[in-house]
Amino acid sequence: MVTRVDKTGGAPAEEGAAPGAPGAPGVESLDAIAAAGAQLDAPPAPSQAEQQQVLASEAEELAEALKLLRAAAIPFAPEHVQDPLGQVWSDRQLVEIGKAIVAVCRMHGLTIGQLFDGYGPYIQLVMALGMPALATLKLLKTPPPPPQAQRTDGQHQPA
């Protein structure tokens, strides 16, 4: 024989109570069993070292993407600033930028994969518009060629 003890201090549960209703037998114990089962199914929390390794890996992944962007963009800069731009946007700097992006993503509950899944089309749009925009800017800033020298001996210069 099983005797049920009511934790609330109220009247004992009625035999004919509907399942899930207050006072129905076994409702609290089923909730406790479900909670315990959920804890068993949950993956163990990663250690601090594992978390740091994941963050560093994601930062490196972002840095590689930024290196591709740098390699695509620097040729559009005037030749006299290409080397300084390469130094300003160094590999080390790109890793630091990647770490900062990962930190912001974590603050908003995103992984880098989720960022690219959710914002990938926007990133592609920026890349698709950015490269022609940089080329256009370079063309607009390019000085016109010097005028051709005019012959003064009366002969026509070949075209």
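Every number here is computed from the coordinates shown, using simple stated rules; none is lab data. Quick caveat: nothing in here was measured; it's all calculated off a predicted structure. Because the Cβ atoms are built from the backbone with ideal geometry, glycine has one as well, and the counts that use them run over all protein chains shown.
Checking the a/c ratio against 1.5 first, then a/b against b/c, what shape does the Cα gyration tensor give for segment 48-139?
oblate
Count the net charge of all other residues whose Cβ sits under 13 Å from the Cβ of GLU79, scoring Lys and Arg as +1 and Asp and Glu as -1.
So the environment of GLU79 carries a net charge of +1.
What nm distance separates the two modelled labels at ALA36 and ALA128, each placed 7 Å from Cα along Cα→Cβ?
It works out to 5.6 nm between the two label points.
Express the relative contact order of segment 55-159 as a whole percentage, based on alpha carbon pairs under 8 Å and six or more residues apart in sequence.
Relative contact order for segment 55-159 comes out at 32 percent.
What number comes out for the charge environment of LYS99, summing +1 per Lys or Arg and -1 per Asp or Glu over other residues with Cβ under 15 Å away?
Charge balance in the 15 Å sphere: -3.
At R0 = 41 Å, how high is the FRET efficiency between SER29 and TYR119 if r is their beta carbon distance? Nearest 0.05 is fine.
Plugging the Cβ-Cβ distance into 1/(1 + (r/R0)^6) gives 0.35.
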